[in-house]
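The values are calculated or read from the model by the stated rules, or taken from the named source; none is laboratory data. Being a predicted model, the structure only gives us computed values, none of them experimental. Neighbour counts run over all protein chains shown; Cβ positions are idealised from the backbone, glycine included.
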Amino acid sequence: MTEKPKIAMYWCASCGGCEEATVDLAERILELTNLVDIVFWPVALDFKQEDVEKLPDGSITASLINGGIRVTENRHMVELLRRKSKIVVAYGACSAWGGIPGLANLYGTDELISRAYHEVPSLNNPENVTPQQSVEVDGNRLELPELLPRLLPIDQVIDVDYYVPGCPPTADVTWNAIKTLLSGELPPKGAVIGASDKALCDQCPLNETKPDKVLIKDLKRPHQVIPDPTKCLLTQGLLCLGPATRGGCEALCVKARMPCTGCFGPLDRVTDYGAKTASFISSIIDLQDEEALEEVIDKLPDPVGTFYRYTLAASSLGGSVRNSKS
Amino acid sequence: MHELSEPFEPKIVLFACNWCTYAALDLAGTSRMKYPPNFLVIKVMCSGRVDPQFILEAFRNGADGVLVAGCHPGDCHYIEGNYKALRRITMIRRILDRFGIERERLRLEWISASEAAKFVKVANEMVDQIKALGPLAPRLQVSV
């Protein structure tokens, strides 16, 4: 019997949703374990870092890594997995473009620590503790990994072969991606696997109701309207990012009457997803008067969070470029 | 690092509409008007062709400022391209604010083919404003 391909799964700075999504494979996970040996998956299996270290270099067929690089430990682990793997897959939005944790790149690390440990309203920190990198307790030195100045998508730290989009990738997308990896017919390096090559609208059940030219006079947020479930959400003034977002999710959110927030990220050839979506949304606002235009755009309280929700860390600027002197 | 002995000369990318601003630049030249040499001119067919991705790409690659200039409202060769430019730049400005790029670094101006003098005025103003702000490039360097 020939040896089964080896698969590793690891999480860096992520919420655990990608791990949940893998479990969403449900009974297909049994088929998966027939096809491959899972050699490392800290969430589910008891293999340790040293077990990975003992594997020969390049012996893992594919490592699926979710989460971005936020602390030095993340960097160490992805470098290790890169060395041990033939293929590295950035699995999920955080790993591919920073995801939600990437929004923290608008702030400096001092601001983040101060916010998390001293300012948030839900805080319970009676001794006013601030995490230290190195501390002595009863004569023993304890160390924590270092917080990096920015969160980075993993391809800014190691070489990445493929990307699986989504926050999280759906079970079908994950399954398609795994089948592609095991098929022996690998797409060109850098490709997005498991999802569609077309925009979300292509899979959206409301696409038929989208006029050739969408024009809106006003922007609405989901809590302000009860949308008509039979009409394209964009034409109802809701900010649906579907036209600029990769398909593959089968329009799950739109089917639940929520506009697309862009978790499948950019289509090929888009270099800055947020700028692209901001561009498409602003160009369909059917107003010529500057003041009226400002008024409508004012209804968007957080344009960066809206357009770069999952991709800020991978954007052209990558994070705040504030003048620290001012 | 920026040497104190060498005064800071901003690099400004100018996206100039083929039908108006680009002609105004020619007119400024043939009329022997003086304007600062800080502009890298990219001719586009319409200010509406300027994808906000171009603007961010310019900043990322070392531009200290970006000027987008097109036909006056109502005069667009393609009917409404300049209105699209107006909407996109209004939106992208909000985004740049949040990233910490000062408002003065991105400017949208309507400059017709005959308004060479307006271009010279805008160019001088913009160079002065950005000189006061200082260079942007060092702020883009984040060591990880």
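Descriptive notes on the structure:
- Only one of the listed residues (A:K210, A:K217) is surrounded by fewer than 23 Cβ atoms within 10 Å (Cβ to Cβ) and within 23 Å of A:D298 (Cβ to Cβ). That residue is A:K217.
- Elements of the type strands (runs of 3 or more DSSP E) sitting completely within region A:126-218 and holding at least 3 residues that are within 23 Å of A:C94 (Cα to Cα) and touching a residue at least 12 places away in the same chain (Cβ under 8 Å): these cover A:147-152, A:162-164.
- Close Cβ contacts (under 7 Å, 6 or more residues apart or on different chains) running from residues in region A:306-326 that are facing chain B (nearest Cβ under 9 Å) and of a type in the set (S, T, N, Q) to residues that are buried (at least 24 other Cβ atoms within 10 Å of the Cβ) and not in a helix (DSSP H, G or I) comprise A:S315/A:D272; A:S315/A:Y308; A:S316/A:D272.
- The test for being of a type in the set (A, V, I, L, M, F, W, C) and assigned to a strand (DSSP E or B) does not hold for A:L123.
- Every residue from region B:1-22 that is within 17 Å of the chain's Cα centre (by Cα) and farther than 18 Å from B:P73 by Cβ: B:E9, B:P10, B:K11, B:I12, B:V13, B:L14, B:Y22
- Every residue from region B:59-73 that is within 25 Å of A:D298 (Cα to Cα) and either facing chain A (nearest Cβ under 8 Å) or at pLDDT below 95 (or both): B:F59, B:P73
- Answer residue from region A:84-107, given it is assigned to a strand (DSSP E or B) and in contact (Cβ under 8 Å) with a residue 40 or more places away in the chain and is surrounded by the most Cβ atoms within 10 Å (Cβ to Cβ) among those: A:Y91
- In region B:46-58, the residues that are more than 9 Å from chain A (Cβ to nearest Cβ) and in a loop (DSSP other than H, G, I, E, B) reach residues that are crowded, with 22+ Cβ neighbours inside 10 Å and aromatic (F, W, Y) with C-beta atoms within less than 7 angstrom, at least six apart or across chains, in these pairs: B:V50/B:F15.
- Subset of region A:252-265 (residues that are closer than 17 Å to A:T277 by Cβ, surrounded by fewer than 24 Cβ atoms within 10 Å (Cβ to Cβ) and among the aliphatic types (A, V, I, L, M)): A:M258
- Residue pairs meeting the criteria (Cβ under 6 Å; at least 6 apart or on separate chains; first within 14 Å of another protein chain (Cβ to nearest Cβ), in region B:119-144; second crowded, with 17+ Cβ neighbours inside 10 Å and charged (D, E, K, R)): B:I130/B:D64; B:L133/B:E102; B:P135/B:D64; B:L136/B:D64; B:V142/A:R150
- No other residue among A:K255, A:K231, A:K217 is in contact with an Asp or Glu (Cβ under 9 Å, 6 or more places away or on another chain) and at negative phi apart from A:K217.
- Top-ranked residue of region A:248-273 - restricted to ones that are part of a helix (DSSP H, G or I) and either under 17 Å from the mean Cα position of the chain (by Cα) or closer than 16 Å to B:I95 by Cβ (or both), ranked as nearest to the other protein chains (Cβ to nearest Cβ): A:Y273
- Count of residues meeting criterion [free of Cβ contacts under 8 Å to residues at least 40 places away in the same chain and either in a helix (DSSP H, G or I) or in contact with a Lys or Arg (Cβ under 9 Å, 6 or more places away or on another chain) (or both)] in region A:1-39: 9
- Across region A:283-326, the number of residues qualifying as modelled with pLDDT of 95 or more, part of a helix (DSSP H, G or I) and small (G, A, S) comes to 3.
- Candidates B:I79, B:I101 - the one that is assigned to a loop (DSSP other than H, G, I, E, B), more than 22 Å from B:V120 (Cβ to Cβ), of a type outside the set (G, A, S) and more than 11 Å from chain A (Cβ to nearest Cβ): B:I79
- Filtered residues of region A:44-83 (kept if in contact with a Ser or Thr (Cβ under 7 Å, 6 or more places away or on another chain) and part of a strand (DSSP E or B)): A:I60, A:A62, A:S63, A:I65, A:N66, A:G68
- Any hit, region B:86-104, residues being surrounded by 17 or more Cβ atoms within 10 Å (Cβ to Cβ), within 20 Å of B:L25 (Cα to Cα), at pLDDT 95 or above and under 14 Å from the mean Cα position of the chain (by Cα): no
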